[in-house]
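J.: Would you mind keeping the following structure in view while I ask a few things?
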Amino acid sequence: MDLSTEIAGIKFKNPLLPAAGPLTGDDEKMKYIASLGVGGMVTKTISTEAAKVPRPCIVATKDYVVNAELWSEYGPNKWIEEFLPGIQSLKMPKIISIGYSKEQIEWLIPKLRDFGDAFEISTHYVGKDLNPIAEVARTASKLAKKPVFMKISPHMPDPVEFAKVVTEAGAAGVVAVNSLGPVYYVDPKTGNSPLGSENRYGWMSGPVIKPVALSIVQRIRQSLDIPVIGVGGVKTAEDVVEFLEVGASAVGMLSSALIFGKEQYRRTVNGLEEALKKRGYESAKSAIGRKLEIHHADFEVRNPVVDPEKCTLCKLCEYVCPYFAIKVSNRVEIDPNACFGCGLCESRCPTHAISGVLK
Ligand SMILES: Cc1cc2nc3c(=O)[nH]c(=O)nc-3n(C[C@H](O)[C@H](O)[C@H](O)COP(=O)(O)O)c2cc1C
């Protein structure tokens, strides 16, 4: 199957990329991640100074990561002299992640542009005002002579406006999204936040943020015909397909490789063909943008239907029903007058015995 994709004229052998972070923090790490089969490379964010990263800076559960990593702990010279020359042998597109202000971008781009095929610019620490962000996009696009992708953070109030403003300023597209926050994670064992950062705050990523990321990608693509790299919560090949369907042309993953191990990249790439086939696609490109139709709200109330063959009378539906409409004795009884048609019972039923409510 043809798994290739293309963004702003750059061809990738498959749509899975590492998202900017510690796994792409130097040339040796990038070579290792490349060996796992990803379609392209994205560096850790490089800025004009090395980041002074507080420690500890990464904690995870199986559902999410909380980090306080800032940007690369190495200064630009290390990247220019060692890490970027070190990945030139990789036969895949290389996206150089940089940040943050106009002045920093002006300083960085001329020194870095020969090492990559595109730039990704993090806007994570520059606030919510779109004017300086547009200025960075304009400056970068003029200087880079290569495609520039602006990376949006989930705290931006209007993702569509962000995407519109940066592409009008010359950016080739958008990377959506960065991590969510700030968040205050408490370790249940100690009752404290284990991070070393100021106020012990961190940023959340990984599987729990996938619906946030999918919605932002979809909203941008429903309004604008621009290339988007979807990032946020990807764990499996099925997740990659979901991002393609809401309009992403390529898909980044980081936290699931931190939670489940670096082999998650190989597993995800290896599962892509099957995941695409399962949804009826004959290539990666054919899945892009297949779920962009706009749905208007529905108000019809549909009551649940219970299959007694599958029902184990576990009573979970009765316990969770927010409208007190379900009673379970030797069968499940649903009061159609009390039932609000909310769908919770169907989504929680462990044996899939309930149907008829959810779309
Ligand atoms: C430990 C860690 C470090 C990160 N460092 C960067 C970074 O340097 N630059 C950047 O743009 N995003 C950075 N991110 C954000 C990721 O690139 C990504 O946008 C986010 O984590 C959501 O994707 P995921 O759920 O697959 O991790 C970092 C995330 C984590 C967890």
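J.: What does the highest-first list of 243-251, 187-195, 101-109 look like by mean Cβ count within 10 Å?
T.: Going from most to least packed, we get 243-251, 101-109, 187-195.
J.: Which Cα, out of TYR184, GLY127, GLY39, lies furthest along the positive dipole direction of the stretch 5-287 (beta carbon charges, K/R +1, D/E -1)?
T.: Going by the Cα projections, it comes out as GLY39.
J.: So, one more: Placing unit charges on C-beta atoms (Lys and Arg positive, Asp and Glu negative, everything else neutral), compute the dipole magnitude of the stretch 285-359 about its Cα centre in debye, rounded to 20. Numbers along the way, then the final one.
T.: Numbers: 10 positive and 9 negative charges, 73 e Å.
Using Cβ point charges on Lys, Arg, Asp and Glu, the stretch 285-359 gives about 360 debye.
J.: Also: So if I place +1 on the C-beta of Lys and Arg and -1 on the C-beta of Asp and Glu, and nothing else carries charge, what would the dipole magnitude of the chain be about its Cα centre? I want it in debye, nearest 20.
T.: My answer is approximately 420 debye.
J.: List the aspartates and glutamates whose Cα lies under 17 Å from the Cα of LYS327, skipping any in the same chain that are fewer than 8 positions away.
T.: LYS327 reaches ASP307, GLU318, ASP335, GLU346.
J.: Stretched out fully, how many nm does the piece from GLU106 to ASP225 gain, at 0.36 nm a residue minus the Cα gap? It would help to have the intermediate numbers written out before the result.
T.: On the way: separation 119, 0.36 × 119 = 42.84 nm, distance 2.80 nm.
Once the chain is fully extended between GLU106 and ASP225, it gains 40.0 nm.
J.: Can you give the net charge of the other residues whose Cβ lies under 12 Å from the Cβ of GLY75, counting K and R as +1 and D and E as -1?
T.: Within the 12 Å Cβ shell, the charges total -1.
J.: Also, I was wondering about something else. Could I have the simple spin-label model distance between LYS262 and ILE294, label points 7 Å from Cα toward Cβ, reported in nm to one decimal?
T.: Distance between the two pseudo-spin positions: 4.5 nm.
J.: A further question follows. Which of the peptides 296-308, 42-54 is most tightly packed, and how do the rest follow, judged by the mean count of other Cβ atoms within 10 Å per residue?
T.: The peptides rank, most packed first, as 42-54, 296-308.
J.: Sticking with this one: Do any of LYS52/LYS164; LYS94/LYS359; LYS31/LYS235 go past 30 Å between their Cα atoms, and which?
T.: LYS52/LYS164; LYS94/LYS359
J.: Could I ask something else about it? I need SER347, SER72, SER286 ordered by Cβ neighbour count within 10 Å, fewest first.
T.: Lowest to highest Cβ neighbour count: SER347, SER286, SER72.
J.: Subtracting the Cα-Cα distance from 0.36 nm times the residue separation, let me have the gained length for TYR319 to LYS142 in nm, one decimal.
T.: 57.7 nm
J.: Work from the charge dipole of the stretch 305-355 (Cβ charges, +1 for Lys and Arg, -1 for Asp and Glu, about the Cα centre) and give the residue of LEU313, ASN337, ALA353 farthest towards its positive end.
T.: Farthest towards the positive pole: LEU313.
J.: Hey, which of these cross-link pairs are over 24 Å Cα-Cα: LYS111/LYS146; LYS78/LYS210; LYS128/LYS210; LYS44/LYS278; LYS11/LYS62?
T.: LYS78/LYS210; LYS44/LYS278; LYS11/LYS62
J.: Follow-up. Under 12 Å from the Cβ of SER197, count the other residues' Cβ atoms, weight Lys and Arg +1, Asp and Glu -1, and hand me the total.
T.: My count for the surroundings of SER197 gives +1.
J.: How long is the gain from THR351 to ASN131 if the chain were fully straight, where each residue apart is worth 0.36 nm and the alpha carbon distance is subtracted?
T.: 74.0 nm
J.: Counting only helical runs of four or more DSSP H residues, what would the 222 nm mean residue ellipticity of the chain come to if each run contributes -39,500 (n - 2.57) and the total is spread over all its residues?
T.: On the way: 10 runs with 99 residues, N = 359.
Roughly -8000 deg cm²/dmol at 222 nm, from the helical runs in the chain.
J.: With a cut-off of 8 Å between alpha carbons and a minimum separation of six or more residues, what is the relative contact order of the stretch 133-174 in percent?
T.: Reported as a whole number, the value is 53 percent.
J.: Given a Förster distance of 45 Å, report the FRET efficiency between LYS285 and PHE340 from their Cβ-Cβ distance, rounded to the nearest 0.05.
T.: Details: r = 42 Å, r/R0 = 0.92.
In this case the efficiency is close to 0.60.
J.: While we're looking at this one, here's another question. Between the stretch 55-81 and the stretch 300-345, what's the alpha-carbon centroid distance in Å?
T.: Centre-to-centre distance over Cα atoms comes out at 47 Å.
J.: Please report the orientation-averaged projected area of the chain, defined via the convex hull of its C-alpha atoms, in nm².
T.: Averaged projected area of the chain's Cα convex hull equals 20.2 nm².
Values quoted throughout were computed directly from the atomic coordinates according to the rules given, and no laboratory measurement underlies them. Every value quoted in this text rests on a predicted model; they were computed, and no experiment measured them. Because the Cβ atoms are built from the backbone with ideal geometry, glycine has one as well, and the counts that use them run over all protein chains shown.
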